[in-house]
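Here the structure comes first, spelled out in structure tokens, and everything after it is commentary.
The values are calculated or read from the model by the stated rules, or taken from the named source; none is laboratory data. Bear in mind that the values here come from a model prediction, so they are computed numbers and not experimental data. Quick reminder, even Gly has a Cβ in these numbers, built from the backbone with ideal geometry, and neighbours come from all protein chains shown.
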Amino acid sequence: MALSRAFKGGGEVVATATAVSRDVVDVIAEEMAWGVERAVEYWMSQIEQALTDRELTSLGRLYAVKDVVERYRSLTGKPEKMALEARRA
């Protein structure tokens, strides 16, 4: 656990422990990164499936990808924001 020092009025040094150790922060960061990686893999596989479906026409594949994107937006609650950003690009 990391310690920091603080001075009291009379020049006395008081050691205080930080509330969260570096190890805990590292574990949380690793878990967050793993979650993001899994989510990206999931959505990319959904798009890949839509693009490689041999039973669909080219236009059907395009609509299938559009459906995946709309499902993503709906589940993440970002439909309006992402649509606005897409129009600006």
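What residue, of T18, T76, is modelled with pLDDT under 70 and out of contact with any His (no Cβ under 8 Å at 6 or more places or on another chain)?
Only one candidate qualifies: T18.
Would you check which residues across the stretch 50-62 are surrounded by 12 or more Cβ atoms within 10 Å (Cβ to Cβ), free of Cβ contacts under 8 Å to residues at least 12 places away in the same chain and within 27 Å of the chain's Cα centre (by Cα) and list them?
Answer for the stretch 50-62, where residues must be surrounded by 12 or more Cβ atoms within 10 Å (Cβ to Cβ), free of Cβ contacts under 8 Å to residues at least 12 places away in the same chain and within 27 Å of the chain's Cα centre (by Cα): R61, L62.
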